[in-house]
């Protein structure tokens, strides 16, 4: 009888849970992307979140959680306000909530999980890909850790706090958004113009995995294409005297995917944990936008010849450099030659998910469409994307300029756009400076494995800019293998970094040249075309210039391209067109915000863009 009662209530619970799942629906009545209809509690970014460091055993915790918003200083509520779909920010439609979080609020999440019996004897890592901004994490009422920073992943070993059966997971989030302290990019509490809806809480995947006590924590590959070698620094935990690390390079190819890889080993080497292992890669196939060849990696910890831990990853053989033409003109270099970088300003916003693409397919769509347009680069503007986004750039063959998300605008300092040293620093507190270095360093550490990234951009248009020389030196010390764009759009310091970056709207033009620097046009364009039925708001839409149809847009786009070619012949080494898609009140995208309309005949901009890229003389 007892077993029948248990079975009955288990079945009843399943029915109730299923009914609860069916109650989820997007919040609000904003425009939606085509992928929104695919999102559900059982289909909320189920893909493996970490494609460069794959283990086969893992479990997604994405789906419906309970949520509540309370005053920030209160304890965990006894009852919750409703359900929220993780990993979509609480302000987004796809969260099913669509509520604003203020600086005086706390956002609480609650769910439960069980640990598969097959994981017995392993350590359990609880992984968060990104939570904006402060996350306090509790497992079975024990606070297991705190993380600050809205753009980086973090993990806690929760093994000591687990119990048999169901375990309770609670996350408390606080987010002040634009408070002149925490990096928040284009988010603002009062969205308007070029500033968008705030994003709070869990906005990337939550998942768990079993690991060995002795395990690989991270690795950093650096290629030397002249020597034909790959240096891999492997970070580990729990190793013992005599343990060794083995790094194997595997056959790859365009579109190489690490998950479940059985690729053939072509070379390998061993070294000590925490050290650098040098692996020969003879006759290397080099990565470039034209041929994005990826090699597989298999990294293992061995003890007495036995594999203790192993992960699958990938990398590419490629080198970024300053290319010198005619003994004086400096250009962006890739694999020993000059290459013109041309691509859109990509802000990575979605009308239904805000910071979070509705699906993995949608995440890839913008990148593939950028390549289809004939571009070879993306400037990832004031945001950091999930790891899978960078994986697709590696795979498809798109170079990336990575911005640091700003923590302020430039209303309290002078933005100089014509000459060196005419701007001023933002008045930054010591606390804000320290946090900037913390978050920028963590972002770089997280992203350095991705070979698509060719340039770091610490500042944009004087927004929260301070101590430029020191920040560039910090960036260089972290990563000397990529170019550094000290400040995109102004407030330049002579001889600082590699790049002098001008902005000019709408048509392409340069205010400042310097033969000692790589001269680029970091933003131009902004051709606007509002399309009814695809607008975030029905009024107050703007672009730097606006037109009535796609033919007019293309005519202006082609005219700008001809002007850009003239600048290329004068020495401009890169250009960034604003922008990939419309974003909230901005209607100057190549595509509408909902991605349902490409505003020009796709073949036409591709031909023009190819002509621009090929216009750079290398000799």
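The values are calculated or read from the model by the stated rules, or taken from the named source; none is laboratory data. All values derive from a computational prediction rather than experimental measurement. In this analysis, Cβ positions are derived from the backbone assuming ideal geometry, glycine residues included, and neighbour counts consider all displayed protein chains.
Before we move on, is residue 250 surrounded by 16 or more Cβ atoms within 10 Å (Cβ to Cβ), closer than 30 Å to residue 535 by Cα and touching a strand residue (DSSP E or B) at 6+ places or on another chain (Cβ under 6 Å)? It would help to see each step written out before you state the result.
Numbers: surrounded by 16 or more Cβ atoms within 10 Å (Cβ to Cβ): yes; closer than 30 Å to residue 535 by Cα: no; touching a strand residue (DSSP E or B) at 6+ places or on another chain (Cβ under 6 Å): yes.
No.
Considering each residue of region 175-194, count those that are surrounded by fewer than 20 Cβ atoms within 10 Å (Cβ to Cβ) and in contact (Cβ under 8 Å) with a residue 12 or more places away in the chain, and give that number.
The qualifying residues number 8.
Quick check: is even one residue across region 465-473 within 30 Å of residue 335 (Cα to Cα), in contact with a strand residue (DSSP E or B) (Cβ under 8 Å, 6 or more places away or on another chain), surrounded by fewer than 18 Cβ atoms within 10 Å (Cβ to Cβ) and free of Cβ contacts under 8 Å to residues at least 24 places away in the same chain? Before you say what the answer is, go through the steps one by one.
First, the residues of region 465-473 that are within 30 Å of residue 335 (Cα to Cα): 468-473.
Within this subset, residues satisfying the condition of being in contact with a strand residue (DSSP E or B) (Cβ under 8 Å, 6 or more places away or on another chain) are 472.
Then drop every residue that is not surrounded by fewer than 18 Cβ atoms within 10 Å (Cβ to Cβ), which leaves none.
Looking for residues that are within 30 Å of residue 335 (Cα to Cα), in contact with a strand residue (DSSP E or B) (Cβ under 8 Å, 6 or more places away or on another chain), surrounded by fewer than 18 Cβ atoms within 10 Å (Cβ to Cβ) and free of Cβ contacts under 8 Å to residues at least 24 places away in the same chain, one finds none in region 465-473, hence no.
To keep it simple, each residue is scored yes or no on (1) more than 31 Å from the chain's Cα centre (by Cα); (2) modelled with pLDDT under 95; (3) assigned to a loop (DSSP other than H, G, I, E, B).
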residue: 9; (1), (2), (3): yes, yes, no
residue: 13; (1), (2), (3): yes, yes, no
residue: 21; (1), (2), (3): no, yes, no
residue: 35; (1), (2), (3): no, no, no
residue: 69; (1), (2), (3): no, no, no
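Looking at (1) modelled with pLDDT of 95 or more; (2) out of contact with any helix residue (DSSP H, G or I) (no Cβ under 7 Å at 6 or more places or on another chain); (3) surrounded by 15 or more Cβ atoms within 10 Å (Cβ to Cβ); (4) over 24 Å from residue 612 (Cα atoms), can you tell me which one residue 494 breaks?
Result: residue 494 passes all but (3).
Mind counting the residues in region 384-396 that are crowded, with 23+ Cβ neighbours inside 10 Å, within 21 Å of residue 342 (Cβ to Cβ) and either modelled with pLDDT under 95 or touching a strand residue (DSSP E or B) at 6+ places or on another chain (Cβ under 8 Å) (or both)?
Final tally of qualifying residues: 3.
Could you tell me whether any residue of region 437-446 is in a loop (DSSP other than H, G, I, E, B) and in contact with a strand residue (DSSP E or B) (Cβ under 8 Å, 6 or more places away or on another chain)?
The first filter runs over region 437-446 and keeps only residues in a loop (DSSP other than H, G, I, E, B), leaving none.
No, region 437-446 contains no residue that is in a loop (DSSP other than H, G, I, E, B) and in contact with a strand residue (DSSP E or B) (Cβ under 8 Å, 6 or more places away or on another chain).
Conditions tested, residue by residue: (1) surrounded by fewer than 15 Cβ atoms within 10 Å (Cβ to Cβ); (2) more than 24 Å from residue 330 (Cβ to Cβ); (3) modelled with pLDDT under 95.
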| position | (1), (2), (3) |
| --- | --- |
| 535 | no, yes, no |
| 542 | no, yes, yes |
| 570 | yes, no, yes |
| 578 | no, yes, no |
| 593 | no, yes, no |
| 603 | yes, yes, yes |
| 619 | yes, no, yes |
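Kindly indicate whether any position in region 263-274 is modelled with pLDDT of 95 or more and out of contact with any strand residue (DSSP E or B) (no Cβ under 6 Å at 6 or more places or on another chain).
Yes, that holds for at least one residue.
From 404, 399, which residue is within 14 Å of residue 384 (Cα to Cα), in contact with a strand residue (DSSP E or B) (Cβ under 8 Å, 6 or more places away or on another chain) and modelled with pLDDT of 95 or more?
404
Output the residues belonging to region 370-390 that are under 19 Å from residue 152 (Cα atoms) and either free of Cβ contacts under 8 Å to residues at least 60 places away in the same chain or part of a helix (DSSP H, G or I) (or both).
380, 385, 387, 388, 389, 390
Across region 72-94, what is the number of residues that are out of contact with any strand residue (DSSP E or B) (no Cβ under 7 Å at 6 or more places or on another chain) and surrounded by fewer than 19 Cβ atoms within 10 Å (Cβ to Cβ)?
Taking region 72-94 as the starting set, the residues that turn out to be out of contact with any strand residue (DSSP E or B) (no Cβ under 7 Å at 6 or more places or on another chain) are 73, 75, 78-79, 88, 93.
Add one more test, that the residue is surrounded by fewer than 19 Cβ atoms within 10 Å (Cβ to Cβ), and what stays is 73, 75, 78-79.
Number satisfying all stated conditions: 4.
So residue 291 passes all but one of these: (1) surrounded by 21 or more Cβ atoms within 10 Å (Cβ to Cβ); (2) out of contact with any strand residue (DSSP E or B) (no Cβ under 8 Å at 6 or more places or on another chain). Which condition number does it fail?
Result: residue 291 fails condition (1) only.
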